[in-house]
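> Could you have a look at this structure, given as structure tokens, before my questions?
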Amino acid sequence: MARFLATRSEDGRIADHFATLYRLWLGAALAVPVVGGAVLAFAPLNGPLRIALAAGFAAVLVNSLVKLAQERRRAAGEVSGAAMLSMVQTAGGFALGLGFALAGLGGAAPLLGIGIVSLACVAVVLSRELKFMTGGRFDKALARTYFTYGAPVALSLILALVLASTDRLLLATFLDEATVGVYHAGYSLGSRTLDVVFIWLGMAGGPALIQALERGGQPALEDAAREQAGVIVLLTLPAAVGLALVARPLADLMVGEAMREQASHVTPWIAASGWLSGVTTYYLLQAFTLARRTSLLIVSMSAPALANVALNLVLIPRLGLDGALIATTVSYGLGAVAAWALGRRACPLPIPWAVLAKAAGASLAMAACVALLPAPGGLLELVLKASVGAAVYGALVLGLDVAGLRGKLSLILRRKAQAA
């Protein structure tokens with residue numbers, strides 16, 4: 001939906017685009033009950049897990065329809081509409097899932113919550129989305145093109161899941177469940193916090209690159225990509241460094257007392273991994289989708305996934321929790337290098353080395369200033385370090401005029417003044 005929307009808009013086949021995609025969705029939707037029924041009938045599952053899986057299969061059907069609508073809005077530049085769908089699903093699913101959990105539904109609760117909220121979203125948005133297929137027809141050639149493009153993306157997501165979950169499974173195998181809990185607590189603080197920034201940037205960034213390529217070719221793409229990469233580095237690198245600096249007070253607020261110290265040790269490592277993962281996912285891997293050479297995604301994701309398994313097998317028995325942290329960070333670093341190297345063969349994207357160097361220098365200066373601050377703990381320390389760090393970094397990047405930041409801010413202020 002997202003990658004080919006601009007293409008079909010240019011060639012006047014937008015109705016065929018929608019008719020083909022929704023027909024393909026219907027074919028896949030018919031297979032879900034068959035696959036789900038087979039799993040539930042023959043897999044050795046206990047009662048609660050069986051209920052959770054049934055809820056998950058049902059949620060997939062409606063959630064995928066919402067995702068089609070969300071990606072259409074994102075690709076069309078309707079960022080606020082796409083973001084609203086995401087926020088409604090997340091907040092509504094959490095609230096409803098919490099209610100189901102309190103009612104005793106266990107592991108099925110969050111899946112039922114997101115499924116019911118997604119169904120409500122479908123009821124609101126689907127009629128408008130289906131209007132885009134008016135007069136269109138299912139096209140086998142388009143379907144083959146979309147399958148050739150989409151199947152490697154799906155496989156690469158499976159590899160991404162392996163990369164994200166192997167460490168927990170091996171920690172449980174070699175150590176104990178308590179260590180997994182500590183690791184997960186620190187991982188959530190580091191990774192999920194950065195995910196918010198990357199997802200926000202990627203909401204409009206990906207479609208902008210696609211439109212630049214489709215309408216202006218490689219030169220327009222390089223200009224748009226250079227600017228986008230500079231913004232990503234300027235915003236996410238200090239966020240990752242800042243997250244590492246406030247790991248302990250953040251753990252004081254977000255993690256139970258028994259896990260705080262170890263979780264705060266995990267968070268800086270995961271901040272580094274999360275930054276490498278975010279840059280790879282939301283920028284470097286765009287080269288394969290832009291060039292429609294998504295088969296290279298599998299190669300790119302295979303390297304860090306296999307490395308993660310191998311490094312965890314070697315390091316966890318020797319170093320324990322630290323072994324998993326080292327393995328995860330090194331694996332995501334390898335993934336970034338693999339994506340950059342292979343991406344140059346598919347669709348070269350510029351790396352803003354000057355912006356990266358200046359942002360790194362400003363982040364180091366920020367870290368040095370924050371390290372001198374007192375550590376009273378809890379919310380006070382979090383607010384103190386976050387505000388001082390943001391002020392120091394902002395002053396430095398403005399003073400250095402990184403990526404022409406002063407001119408861009410001046411232009412924004414002038415436009416606001418004119419609008420007022």
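> Which residues, counting only those in region 154-190, are of a type in the set (Gly, Ala, Ser) and under 16 Å from Leu313 (Cα atoms)?
Answer for region 154-190, where residues must be of a type in the set (Gly, Ala, Ser) and under 16 Å from Leu313 (Cα atoms): Ala164, Ser165, Ala172.
> May I ask you to list pairs of residues, at least six apart or on different chains, whose Cβ atoms are under 6 Å apart, with the first in region 180-208 being at positive phi and the second being surrounded by fewer than 19 Cβ atoms within 10 Å (Cβ to Cβ) and polar (S, T, N, Q)?
Filtered contacts from region 180-208: no entries.
> Also: Checking the condition surrounded by 12 or more Cβ atoms within 10 Å (Cβ to Cβ), farther than 30 Å from Arg260 by Cα, in the same structural domain as Ala303 (by the TED database) and hydrophobic (A, V, I, L, M, F, W, C), which residue from Ala403, Ala360, Ala391, Ala365 passes? Write out each step before concluding.
Values: Ala360 fails: farther than 30 Å from Arg260 by Cα; Ala391 fails: farther than 30 Å from Arg260 by Cα; Ala365 fails: farther than 30 Å from Arg260 by Cα.
It is Ala403.
> Let me ask another. Those residues that are open to solvent by less than 50 Å² (accessible area, probe 1.4 Å) and either outside the structural domain of Ala58 (by the TED database) or part of a helix (DSSP H, G or I) (or both), I need them from region 102-126; list them, please.
Passing the criteria: Ala108, Ala109, Gly113, Ile114, Gly115, Val117, Ser118, Cys121, Val122, Val125, Leu126.
> Let me ask another. Tell me which residues, restricted to region 280-315, are open to solvent by 30 Å² or more (accessible area, probe 1.4 Å), closer than 30 Å to Ala6 by Cα and not hydroxyl-bearing (Ser, Thr, Tyr).
Correct list: Gln286, Ala291, Arg292, Arg293, Ile298, Val299.
> If Leu189 meets every condition in (1) within 24 Å of Arg50 (Cβ to Cβ); (2) assigned to a helix (DSSP H, G or I) apart from one, which number is that one?
Here Leu189 meets the rest and fails (1).
> Hey, any hits in region 251-260 for a residue that's of a type outside the set (Gly, Ala, Ser), assigned to a helix (DSSP H, G or I) and over 25 Å from Gly320 (Cβ atoms)? Steps first, answer last, please.
Initial filter on region 251-260 (of a type outside the set (Gly, Ala, Ser)): 252-255, 257, 259-260.
Add one more test, that the residue is assigned to a helix (DSSP H, G or I), and what stays is 252-254, 257, 259-260.
Next, from what is left, pick out any that are over 25 Å from Gly320 (Cβ atoms): 253.
Checking region 251-260: at least one residue is of a type outside the set (Gly, Ala, Ser), assigned to a helix (DSSP H, G or I) and over 25 Å from Gly320 (Cβ atoms).
> Hey, does region 48-58 have a residue that's crowded, with 19+ Cβ neighbours inside 10 Å, closer than 20 Å to Met1 by Cβ and either modelled with pLDDT under 85 or in contact with a Gly (Cβ under 6 Å, 6 or more places away or on another chain) (or both)?
no
> Is one or more of the residues making up region 208-222 of a type in the set (A, V, I, L, M), modelled with pLDDT under 85 and open to solvent by less than 20 Å² (accessible area, probe 1.4 Å)? Lay out the reasoning, then the answer.
We begin by selecting, within region 208-222, every residue of a type in the set (A, V, I, L, M); these are 208-210, 212-213, 220-221.
So of that shortlist, the ones also modelled with pLDDT under 85 come out as none.
Looking through region 208-222, none of the residues is of a type in the set (A, V, I, L, M), modelled with pLDDT under 85 and open to solvent by less than 20 Å² (accessible area, probe 1.4 Å).
> Looking at region 76-97, is at least one residue crowded, with 17+ Cβ neighbours inside 10 Å, under 22 Å from Ala109 (Cα atoms) and either in contact with a Lys or Arg (Cβ under 9 Å, 6 or more places away or on another chain) or not assigned by the TED database to the domain that holds Leu130 (or both)?
Yes, because at least one residue in region 76-97 is crowded, with 17+ Cβ neighbours inside 10 Å, under 22 Å from Ala109 (Cα atoms) and either in contact with a Lys or Arg (Cβ under 9 Å, 6 or more places away or on another chain) or not assigned by the TED database to the domain that holds Leu130 (or both).
> Take residues that are under 30 Å from Arg293 (Cα atoms) and over 25 Å from the mean Cα position of the chain (by Cα) and tell me which of the helices (runs of 4 or more DSSP H) falling wholly in region 313-420 contain 1 or more. Break it down into steps so the answer makes sense when it comes.
Values: elements: 321-346, 353-371, 378-400, 405-419.
Because the criterion is at least 1 residues that are under 30 Å from Arg293 (Cα atoms) and over 25 Å from the mean Cα position of the chain (by Cα), the helices (runs of 4 or more DSSP H) in region 313-420 that meet it are 353-371.
> So for region 58-70 (the condition being part of a helix (DSSP H, G or I) and in contact with an Asp or Glu (Cβ under 6 Å, 6 or more places away or on another chain)), does at least one residue qualify? Explain how you work it out, then say what you get.
Within region 58-70, the first condition is being part of a helix (DSSP H, G or I), and the residues that meet it are 58-70.
Okay, now just the ones that are also in contact with an Asp or Glu (Cβ under 6 Å, 6 or more places away or on another chain), so 69.
The answer is yes, given that some residue of region 58-70 is part of a helix (DSSP H, G or I) and in contact with an Asp or Glu (Cβ under 6 Å, 6 or more places away or on another chain).
> Further, regarding this structure: Taking Ser156 as the residue in question, decide whether it is touching a Leu at 6+ places or on another chain (Cβ under 8 Å) and open to solvent by less than 70 Å² (accessible area, probe 1.4 Å). Talk me through it step by step, then tell me what you get.
Numbers: touching a Leu at 6+ places or on another chain (Cβ under 8 Å): yes; open to solvent by less than 70 Å² (accessible area, probe 1.4 Å): yes.
Yes; evaluated as a whole, the condition is true for this residue.
> Okay, moving on. Give the residue that is modelled with the highest pLDDT, with candidates limited to residues of region 1-13 that are under 15 Å from Ala69 (Cβ atoms) and assigned to a helix (DSSP H, G or I).
So in region 1-13, the residues under 15 Å from Ala69 (Cβ atoms) come out as 1-2, 5.
So of that shortlist, the ones also assigned to a helix (DSSP H, G or I) come out as 2, 5.
Values: Ala2: 88, Leu5: 91.
The residue in question is Leu5.
> So which of Leu411, Leu384 ends up being without any contact (Cβ under 8 Å) to a residue 24 or more places away in the chain and farther than 22 Å from Ala229 by Cα?
Numbers: Leu411 fails: farther than 22 Å from Ala229 by Cα.
When all the criteria are applied, what remains is Leu384.
> Among what's in region 167-184 and is aliphatic (A, V, I, L, M) and open to solvent by less than 20 Å² (accessible area, probe 1.4 Å), pick the residue that is nearest to Ala258 (Cα to Cα). Break it down into steps so the answer makes sense when it comes.
Pass one, region 167-184, residues aliphatic (A, V, I, L, M): 169-172, 175, 178, 180, 182.
The next check asks that each one be open to solvent by less than 20 Å² (accessible area, probe 1.4 Å); those that pass are 171, 182.
Details: Leu171: 19, Val182: 9 Å.
Across region 167-184, the extreme among qualifying residues is Val182.
> Next up: So Arg318 ticks every box in (1) open to solvent by 20 Å² or more (accessible area, probe 1.4 Å); (2) charged (D, E, K, R); (3) touching a helix residue (DSSP H, G or I) at 6+ places or on another chain (Cβ under 6 Å); (4) more than 20 Å from Thr281 (Cβ to Cβ) but one. Which box is left unticked?
(3)
The values are calculated or read from the model by the stated rules, or taken from the named source; none is laboratory data. Everything quoted here is computed from the prediction, not taken from an experiment. Heads up, the Cβs are rebuilt from the backbone with ideal geometry, glycines too, and the neighbour counts pull from every protein chain shown. Each accessible area value is taken on the protein alone, full model and side chains, heavy atoms only, with ligands, DNA and RNA left out. Shrake-Rupley method; radii C 1.70, N 1.55, O 1.52, S 1.80 Å.
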